[in-house]
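The structure under discussion appears below in the form of structure tokens.
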Amino acid sequence: MKSAGWFPPFFSIYIHVPFCQNLCDFCHFYREKPREVEAFLDALAREIDSISGKISAPVRSVYVGGGTPSVLPARFYESLFKHLDEAFFMDGVLESSIEVVPETGTDELVRLSEAGFERVSIGIKSFNPDSLAALGARREEETAEGSVEAARNAGFTSVGIDLVYAFSGQTEGSFIDDIQTALLLDPDHISLYSLVQSDDSGPREIDQDTAAAMFTESRRILVARGYRQYEICNFAKPDHECLHNINYWRDGDFIGLGPSAHSAVTAEGTRSRWRNAADLAAYMAGPGSVKEELSVEGPEIRPAEALMLALRQTEGVDIDHFILGYGKDPRMIMGPSLKRFRELGLIRTSAKRIRLTTRGMLLSNEVFGAII
Ligand code: SF4
């Protein structure tokens with residue numbers, strides 16, 4: 001089974017299901033109300049077929065996100081795993097995860113677990129009806145409180161929840177209440193996402209000082225309760241870290257299937273990134289054929305990208321290991337900003353490691369901007 005210790009980057013598959021029953025105002029992901037579900041399932045199978053045989057690396061993790069993957073019938077996932085088995089080397093898969101909404105019924109959870117997922121992430125967002133209303137998210141409050149137990153009873157061996165914070169209409173007190181309610185449910189994994197405002201139509205971000213206070217206090221509570229923060233937004237009990245996401249931060253390659261899904265594949269030291277068009281109709285007409293090239297990162301850019309990703313992890317960057325992998329000293333990549341960020345209390349360094357401080361996590365975009 002999985003291990004939370006160090007592991008080398010591996011190859012993974014992400015599948016994007018672009019359907020949600022409720023379209024939350026704050027959400028940036030590509031999603032639509034469910035329509036032509038059977039045609040979508042067929043298109044996804046055709047996309048898998050189209051790359052079958054082109055990937056020789058063994059797959060180590062599968063993550064189905066969205067959107068709301070639990071909108072699709074569980075029977076689809078039973079056939080999906082068979083399909084993936086035929087197309088890829090799946091014998092060494094360490095982790096299979098799916099995102100669900102708290103409303104997902106017990107029978108459906110059982111079928112998803114039996115289909116092959118052992119890890120589930122429940123998109124709770126908040127337990128507080130006022131906070132949900134401020135986010136433009138709709139849900140029956142009670143379903144969230146029973147969702148962790150329902151997922152466990154259904155057979156999932158690792159159950160995580162997501163919470164959102166730092167948006168207008170939410171107080172610091174109500175967010176800490178969310179954390180305390182989450183702890184009563186005893187999930188294995190907790191993700192805390194601060195709101196990122198993209199336009200003026202949805203909820204607004206709150207001021208940085210209040211957001212920082214929310215993050216610092218929630219982190220203190222979670223760590224005191226035995227959750228290890230392993231990345232800026234993610235906390236887990238021992239051995240419940242999400243390997244799929246850790247692989248992103250360790251610069252592993254991945255293929256994304258479904259509309260808007262991103263891919264990153266390395267060949268001869270050059271990393272190509274692309275994403276499928278965020279357009280359901282175009283996807284169903286030619287799955288995976290309408291793509292946007294995002295970047296081609298040669299040896300001169302790869303180390304900076306890898307450094308930025310690695311710094312998201314609380315363990316930071318092992319300097320010697322990084323030099324071995326990328327041929328560049330991360331201290332050189334950061335140049336004079338390393339000293340500046342150290343003096344500002346955003347970065348801590350030792351002879352062996354560079355890592356973000358708690359304050360650095362709060363201002364990580366500033367640090368990453370300087371690296372890139
Ligand atoms: S937050 Fe989740 S449920 Fe809401 S629209 Fe986005 S993906 Fe769908």
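Per this entry, S12 is counted among residues that are away from the ligand (no atom under 16 Å from the Cβ), closer than 26 Å to R250 by Cα, outside any loop (DSSP other than H, G, I, E, B) and out of contact with any Leu (no Cβ under 6 Å at 6 or more places or on another chain).
Given the structure, is A267 loosely packed, with under 13 Cβ neighbours inside 10 Å and of a type outside the set (S, T, Y)? It is true that A267 is loosely packed, with under 13 Cβ neighbours inside 10 Å and of a type outside the set (S, T, Y).
When L132, L94 are checked against the criterion of being free of Cβ contacts under 8 Å to residues at least 12 places away in the same chain, farther than 20 Å from V37 by Cβ and not acidic (D, E), a single residue qualifies: L132. Kindly establish whether V64 is within 16 Å of the ligand (Cβ to nearest atom) and at pLDDT 95 or above. Against the criterion (within 16 Å of the ligand (Cβ to nearest atom) and at pLDDT 95 or above), V64 qualifies. For segment 240-278, filtering for residues that are of a type in the set (D, E) and either at pLDDT 95 or above or not in a loop (DSSP other than H, G, I, E, B) (or both) leaves 2.
Can you name the residue in segment 129-162 that is small (G, A, S), modelled with pLDDT of 95 or more and outside any helix (DSSP H, G or I) and is also surrounded by the most Cβ atoms within 10 Å (Cβ to Cβ) among such residues? Result: G160. Among the residues of segment 221-244, those that are surrounded by 12 or more Cβ atoms within 10 Å (Cβ to Cβ) and more than 30 Å from A264 (Cα to Cα) comprise I221, L222, V223, R225, Y227.
For the condition under 15 Å from L309 (Cα atoms) and in a helix (DSSP H, G or I), F368 qualifies.
Per this entry, D209 is not counted among residues that are assigned to a loop (DSSP other than H, G, I, E, B), surrounded by fewer than 20 Cβ atoms within 10 Å (Cβ to Cβ) and either in contact with a Pro (Cβ under 6 Å, 6 or more places away or on another chain) or without any contact (Cβ under 8 Å) to a residue 12 or more places away in the chain (or both).
Among the residues making up segment 85-98, those that are surrounded by fewer than 21 Cβ atoms within 10 Å (Cβ to Cβ) and in contact with a helix residue (DSSP H, G or I) (Cβ under 7 Å, 6 or more places away or on another chain) are A87, M90, L94. Residues in segment 86-112 that are more than 20 Å from the chain's Cα centre (by Cα), away from the ligand (no atom under 12 Å from the Cβ) and either closer than 23 Å to D188 by Cβ or among the aromatic types (F, W, Y) (or both): F88, F89, G92, G105, T106, D107, E108, L109, V110, R111. For segment 21-61, taking the residues that are within 16 Å of the ligand (Cβ to nearest atom) and acidic (D, E), the one that is nearest to A267 (Cα to Cα) is identified as E32.
For segment 184-195, the candidate set comprises residues that are under 23 Å from A134 (Cα atoms) and either of a type in the set (S, T, N, Q) or more than 21 Å from the chain's Cα centre (by Cα) (or both); within that set, the residue that is surrounded by the fewest Cβ atoms within 10 Å (Cβ to Cβ) is S194.
For segment 330-338, the criterion of being assigned to a loop (DSSP other than H, G, I, E, B) and closer than 20 Å to A212 by Cβ is satisfied by no residue at all.
The values are calculated or read from the model by the stated rules, or taken from the named source; none is laboratory data. Predicted, not measured: the structure shown is a model, and the values here were computed from it. Cβ atoms come from the backbone with ideal geometry, glycine included; neighbour counts cover every protein chain shown.
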